[in-house]
1. Of the labelled options (i) 33, 23, 20; (ii) 44, 25, 20; (iii) 43, 24, 15, which one gives semi-axes √(5λ) of the Cα gyration tensor in Å as computed for this structure?
2. Run the helix sum for the chain: -39,500 (n - 2.57) per DSSP H stretch of 4+ residues, divided by residue count, reported at 222 nm to the nearest 500 deg cm²/dmol.
3. To the nearest 10 degrees, how steep is helix 79-94 against the longest Cα principal axis of the chain, on a 0 to 90 scale?
4. Compare the peptides 186-192, 300-306, 288-294 by average per-residue count of other Cβ atoms within 10 angstrom and give them in order, highest first.
5. By its C-alpha gyration tensor, with a ≥ b ≥ c as the square roots of the eigenvalues, how is region 211-344 shaped: rounded for a/c under 1.5, else prolate for a/b larger than b/c, else oblate?
6. Please give the contour-minus-distance gain from residue 149 to residue 321: 0.36 nm per residue of separation, less the Cα-Cα distance, rounded to one decimal in nm.
7. Using only alpha carbon pairs under 8 Å that are at least six residues apart, calculate the relative contact order of the chain and give it in whole percent.
8. Using Cα atoms only, what is the angle between the long axis of helix 272-286 and the major principal axis of the chain, expressed in degrees (0 to 90) to the nearest 10?
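Just so it is clear, none of the values below were taken in a lab; they were calculated from the coordinates. What you see is a predicted model; the values in this text were computed from it and never measured. Glycine also receives a Cβ, built like all others from the backbone with ideal geometry; neighbour counts cover every protein chain displayed.
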């Protein structure tokens with residue numbers, strides 16, 4: 001899928017009665033009893049619009065059960081992207097990957113189109129959020145390894161480097177235009193090396209595309225993953241791309257509390273030990289090849305830059321010399337510390 005800037009409308013988070021009636025009409029899931037704009041998790045109550053800002057979402061209860069209604073985000077709502085996503089989600093669900101079941105509507109489809117906006121309904125998974133336990137990290141790694149063991153249905157492979165270049169192009173670098181040149185050159189060099197070193201010859205498998213600790217639901221009674229959520233970025237490609245983002249999410253990136261947005265600090269070396277735990281557990285189940293292990297460090301750099309540029313677009317942090325220095329420090333030096341932690 002192509003990178004597309006977010007379009008903000010005044011009603012971005014609003015659901016009206018007409019949409020609820022349409023959902024009742026198209027889905028055989030009973031009558032609406034209650035609508036819930038928040039996620040309840042123990043002592044936490046999170047507004048859905050705070051946890052995620054990519055599309056409208058709502059939890060609702062009917063006479064048949066509890067469900068999750070979600071608008072397909074603007075960046076992946078083309079018919080082709082949506083069909084690829086649905087086909088592969090159904091395949092993963094049928095292979096017993098822990099994830100939410102997509103509900104089929106009365107017309108036999110898995111989404112509805114309302115005023116050119118597409119919506120899907122899932123069964124709601126009642127669990128808890130990630131709390132930082134090592135056993136949760138190991139369970140998350142197992143879930144990703146299972147996803148990455150499946151071959152994709154269809155070939156909707158994204159030009160990942162093009163996505164990052166597109167993100168860089170829409171950032172206003174202002175007085176730091178030299179940094180833009182630096183990033184584009186850095187990305188291009190790695191891409192050229194990948195072409196030479198066999199990256200594009202790695203088997204394309206099913207990728208989650210956004211595997212992070214916020215997209216997991218755990219069993220309240222233990223550390224097992226009950227469900228992997230949010231397959232909006234589902235893709236196909238080398239599995240080490242998913243692994244790179246997971247390593248960064250669980251053991252490098254610093255998040256603002258209760259959101260997927262990043263802090264000004266961006267990353268912390270103190271988290272590297274958790275990255276190691278994820279990598280060890282994933283590799284135990286996936287058994288990476290020597291080539292994958294060779295390519296992984298450079299891919300972590302690339303995914304790190306994709307996440308940082310996304311953070312700049314979302315205005316998670318402002319562009320300044322300190323941020324630039326920290327970014328360069330990670331991709332030039334600290335990455336070596338991380339890789340030593342992973343492989344030793």
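1. Step by step, semi-axes √(5λ) of the Cα gyration tensor in Å for this structure corresponds to label (i).
2. On the way: 11 runs with 147 residues, N = 344.
The helix-only estimate for the chain comes to -13500 deg cm²/dmol at 222 nm.
3. Around 80 degrees separate the two axes.
4. Values: 186-192: 15.6, 300-306: 21.9, 288-294: 13.9.
In descending order of packing, they fall as 300-306, 186-192, 288-294.
5. Details: a/c = 1.60, a/b = 1.16, b/c = 1.39.
Here region 211-344 falls in the oblate category.
6. Working: separation 172, 0.36 × 172 = 61.92 nm, distance 4.15 nm.
Computed gain between residue 149 and residue 321 is 57.8 nm.
7. Relative contact order here is 16 percent.
8. Here the helix axis deviates by roughly 70 degrees.
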